[in-house]
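The values are calculated or read from the model by the stated rules, or taken from the named source; none is laboratory data. Note that the structure is a prediction, hence the values are computed from the model and not measured. Neighbour counts run over all protein chains shown; Cβ positions are idealised from the backbone, glycine included. Surface areas here come from the heavy atoms of the whole protein model, side chains and all, with no ligands, DNA or RNA. Shrake-Rupley method; radii C 1.70, N 1.55, O 1.52, S 1.80 Å.
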Amino acid sequence: MTADVIIIGGGVNGCATAYYLAKKGVKDVVVLEADKSIGHGGSSRNGGGVRQSGRDMRELPYAMYAVNHMWPTLSEELGVDVEYYQKGNLRMGKTEAHLKKLENLAARSRELGLDMNVVDAKTVKEICPYLSDEVIGASWCPTDGHANPMVTTLAYYKRAVEMGVRFFTEAKVASLGLYKGKLRRVILESGEVFEAETVIIAAGYESRYLARTVGIDVPLSTYFEEALVTEMQPHMFDIMLGCADGDFYGHQSKHGSFVFGSDSGLEEEIDMPLTELKTSSLTVSAGCRAIMSYIPLLADAKIVRTWGGWIDMCHDGVPVISRVDEVPGMILACGFTGHGFGTAPAVGLMLAQMALGEETVVDISALSYDRFKPVR
């Protein structure tokens with residue numbers, strides 16, 4: 001089966017790329033998803049942050065582009081309410097060391113034009129009176145926000161299908177194939193072969209396995225991120241919350257539940273195959289303790305469910321979004337390190353531009369696959 005562009009991975013970045021390619025007039029786009037459902041991986045298993053604050057300077061420009069030019073009108077464009085709220089983001093601190101870390105982040109972000117400052121305890125309480133008195137300050141970015149990850153992913157999928165994109169689920173890719181030195185073939189485990197002039201690999205950690213089949217490697221590792229959702233609560237606030245030390249992050253959803261991502265704080269490897277998605281009592285309990293210490297009113301809130309998903313962690317903490325010179329026809333989009341949802345509109349647009357040989361809306365040359373050098 002042939003196509004103009006093949007996208008491997010039906011997550012939010014893959015679906016967004018498919019939509020923007022179709023919008024640009026590409027007639028034959030194919031998306032190959034290994035699972036039974038679209039958005040089964042990290043795209044639907046995150047806290048929904050749409051943030052610019054706390055970003056690495058290499059990814060901040062396109063995070064800002066997404067917020068300034070894409071998220072505000074995305075629901076209207078896709079015809080689905082993606083539950084986007086732009087009410088700001090408090091990244092809280094309880095110690096002077098926390099505040100110093102936040103000020104360093106804010107100072108670097110301001111250099112690139114982001115409205116982000118560190119505010120004192122009094123201002124924190126004015127922004128969100130529900131927070132603990134232990135919070136002595138926070139970084140504040142009024143243009144940050146949050147959205148619904150699953151709804152956003154499926155909204156991109158729905159519009160892409162309506163525009164003629166072909167999606168194949170349970171289509172696990174086994175390897176890639178070259179023809180006259182150019183990436184041309186995508187071979188499924190079933191033996192079926194797809195062919196295209198351009199192949200975009202946006203398959204999370206599996207991207208590393210696939211790139212290796214044609215001699216390309218990027219330093220990715222796996223991390224299992226977990227989240228929880230509470231029972232419905234009275235409306236408290238619409239801002240996004242985070243912590244200087246990354247204890248937890250999250251927000252109150254449109255229907256009243258709180259959605260939080262959290263970390264156990266233990267530097268342990270998860271002894272579990274990538275096909276499993278079992279959550280840990282260690283992570284949930286640690287997350288709940290952290291949440292209660294910052295938002296005391298949630299101490300008695302019941303946990304409705306927990307869930308988790310595998311994240312493709314890049315060695316230097318930012319993604320690889322790049323053409324591959326040694327393998328013409330290949331574009332890599334992987335290693336998003338747990339913060340790829342909020343930038344998905346811009347990433348999808350830029351991947352579509354790259355596939356068509358256009359200049360990307362912002363310079364992402366610092367995210368090239370060949371930036372990693374051996375350590376001597």
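Using 0.36 nm per residue and subtracting the Cα-Cα separation, the extra length available between LYS125 and GLU231 on full extension is 35.7 nm. Dividing the Cα radius of gyration of the stretch 8-50 by 2.2 N^0.38 Å, with N the residue count, gives 1.25.
When you count the other C-beta atoms within 10 angstrom of each residue and take the mean per peptide, 54-63, 271-280 line up highest first as 54-63, 271-280. Comparing mean-square fluctuations of THR306, THR95, THR360 from a GNM of the chain with C-alpha springs under 10 Å, the top value falls on THR95.
Scaled to the globular estimate 2.2 N^0.38 Å, the Cα spread of the stretch 250-338, given as radius of gyration, is 1.45.
With 29 Å as the limit, the listed pairs LYS254/LYS278; LYS27/LYS172; LYS94/LYS373; LYS182/LYS278; LYS158/LYS180 have LYS94/LYS373; LYS182/LYS278; LYS158/LYS180 beyond it between alpha carbons.
Think of the stretch 189-316 as a dipole: +1 on every Lys or Arg Cβ, -1 on every Asp or Glu Cβ, centred on the Cα centre; then among MET292, TYR249, THR213, MET292 lies furthest on the positive end. Helix 344-355 axis versus longest C-alpha principal axis of the chain: approximately 20°, rounded to the nearest ten. Of the residues VAL124, VAL324, VAL165, the one that moves most in a GNM of the chain with alpha-carbon contacts below 10 Å is VAL324.
When the inverse distances between all different Cα atoms of the stretch 1-105 are averaged and flipped, the Kirkwood radius reads 16.6 angstrom.
Against the main long axis of the alpha-carbon atoms of the chain, helix 60-69 sits at an angle near 90°. Running Debye on the stretch 167-221 with equal point scatterers at the Cα sites and no solvent, what base-10 log of I(q)/I(0) appears at q = 0.23, 0.26, 0.31 Å⁻¹? Per q value, in the given order, log10 I(q)/I(0) is -0.95, -1.18, -1.44. Available extension along the chain between TRP307 and ASP4 is 105.5 nm, counting 0.36 nm per residue and deducting the alpha carbon span. Computed over the chain with a Gaussian network model linking Cα atoms closer than 10 Å, the most mobile of ILE38, ILE321, ILE303 is ILE303. Per-residue Karplus couplings for the stretch 189-198, computed as 6.51 cos²θ - 1.76 cosθ + 1.60 with θ equal to phi - 60°, are listed in order as 4, 6, x, 5, 10, 10, 10, 7, 6, 9 Hz, Gly and Pro entered as x. Working from the Cα coordinates of the chain, the gyration tensor eigenvalues give, after taking √(5λ), semi-axes of 35, 21, 20 Å in decreasing order. Residue-wise HN-Hα couplings along the stretch 208-223, as the Karplus relation 6.51 cos²θ - 1.76 cosθ + 1.60 with θ = phi - 60° gives them from phi, are 5, 4, 5, 4, 4, 5, 10, x, 10, 10, 10, x, 10, 9, 10, 8 Hz; Gly and Pro carry x.
Note on ASP217/ALA97: beta-carbon distance plugged into 1/(1 + (r/R0)^6) with R0 of 30 Å gives a FRET efficiency of 0.25.
Protein heavy-atom accessible surface, 1.4 Å probe, per residue over the chain: 43 Å². With R₀ set to 22 Å, the beta-carbon distance separating SER285 from ILE136 gives a calculated FRET efficiency near 0.30.
Relative to the dominant Cα principal axis of the chain, helix 281-294 is inclined by about 50°. For the stretch 289-334, the alpha-carbon coordinates run over 56, 21, 13 Å along the three principal axes, in decreasing order. Suppose R0 equals 25 Å. What FRET efficiency, 1/(1 + (r/R0)^6) with r the Cβ-Cβ distance, do LEU297 and VAL362 give to the nearest 0.05? The formula returns an efficiency of 0.05 here. Can you give me the % of accessible surface on the chain that is carbon or sulfur? Probe 1.4 Å, all protein chains present, nothing else counted. Solvent-exposed carbon and sulfur of the chain make up 51 percent of the total.
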